[in-house]
1. Could you check region 2-17 and list, in sequence order, the residues that are open to solvent by 50 Å² or more (accessible area, probe 1.4 Å) and part of a loop (DSSP other than H, G, I, E, B)?
2. Test of understanding: among L87, L71, L34, which residue is under 25 Å from K108 (Cβ atoms) and of a type outside the set (S, T, N, Q)?
3. Can you tell me which residue is surrounded by the fewest Cβ atoms within 10 Å (Cβ to Cβ) among those in region 42-71 that are out of contact with any helix residue (DSSP H, G or I) (no Cβ under 7 Å at 6 or more places or on another chain) and outside any loop (DSSP other than H, G, I, E, B)?
4. Do you know which residues across region 94-111 are in a loop (DSSP other than H, G, I, E, B) and at pLDDT 75 or above?
5. Pull out all pairs, ordered by first then second residue, where Cβ-Cβ is under 7 Å, the residues are six or more apart or on different chains, the first lies in region 14-42 and is in contact (Cβ under 8 Å) with a residue 60 or more places away in the chain and closer than 17 Å to A69 by Cβ, and the second is open to solvent by less than 60 Å² (accessible area, probe 1.4 Å) and assigned to a helix (DSSP H, G or I).
6. Check G145, G153, G127 and return the single one that is out of contact with any Pro (no Cβ under 6 Å at 6 or more places or on another chain) and closer than 16 Å to I48 by Cβ.
7. Return a yes/no flag: does region 135-150 have any residue that is open to solvent by 20 Å² or more (accessible area, probe 1.4 Å) and under 20 Å from R182 (Cβ atoms).
8. Does I78 count as open to solvent by less than 50 Å² (accessible area, probe 1.4 Å), part of a strand (DSSP E or B) and either without any contact (Cβ under 8 Å) to a residue 60 or more places away in the chain or basic (K, R) (or both)?
Amino acid sequence: GVVPKLTARQNVADVVDDPRSAFSEAYRSIRTALQFATDHGVPKSLLITSTRPGEGKSTTALTLARHFAQLGKRVLLIEADLRNPSLHRTLSMSPNGVGLSDLLAGSKLVSALTVAAEVYDQIIIDGPPVLGLADAPILSNAADGTLLVVHAGKTKIKPALLALSEHPARAGGGGLLGAVVRSLPPDRPDDR
């Protein structure tokens, strides 16, 4: 999927809440594409990752979670970027001291996702970047599908290709479903 670049006057919170914005429409299109990603629809648990920090994976995870919830699905959004968490700030929540790291300490991630899959229709995991960290491959193997977020004009080609080649989802695992290209300037339609 392709998500347009926001103008200087726009902020993510406003455009997400505006169903007529090009930003919201782009994520609805991505949600629809995910519904046809496999022969059984959207993978139940979906890892959102990127090559490096700051490429828009948390925004993508949150926005997709909102769009699946708009369909009436019960959605669980998991903050799994333990080194650089941001969703609690975005959602104006204070960390309560109990979270994913408590589950990981007991090596129960797969069983936690299995239990969550019985309660929720969709599980969106905001994961860490792929390059330089071991967490993303582990999460990818635990998830049913993986999306790689790249930032137009910011993500370098070599690191993106390296992330794709080193990502265990390429060899099975969580199934690399595709990529989301974020912040594509509107005057560059030929680059899609």
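1. Residues satisfying the conditions are K5, T7, A8, R9, Q10, N11.
2. Being under 25 Å from K108 (Cβ atoms) and of a type outside the set (S, T, N, Q) holds for just one of L87, L71, L34, which is L87.
3. So the residue we want is Q70.
4. The one that is in a loop (DSSP other than H, G, I, E, B) and at pLDDT 75 or above: K108.
5. Note: pairs meeting the criteria are I30/L64; V42/L34.
6. The conditions single out G127.
7. Taking every residue of region 135-150 in turn, at least one turns out to be open to solvent by 20 Å² or more (accessible area, probe 1.4 Å) and under 20 Å from R182 (Cβ atoms).
8. It is true that I78 is open to solvent by less than 50 Å² (accessible area, probe 1.4 Å), part of a strand (DSSP E or B) and either without any contact (Cβ under 8 Å) to a residue 60 or more places away in the chain or basic (K, R) (or both).
The values are calculated or read from the model by the stated rules, or taken from the named source; none is laboratory data. Note that the structure is predicted; figures quoted are calculated from it, not measured. FYI the Cβ positions are ideal-geometry reconstructions off the backbone, even for glycines, and counts take in every protein chain you see. These area figures cover heavy atoms from the full protein model, side chains too; ligands, DNA and RNA do not enter into them. Shrake-Rupley method; radii C 1.70, N 1.55, O 1.52, S 1.80 Å.
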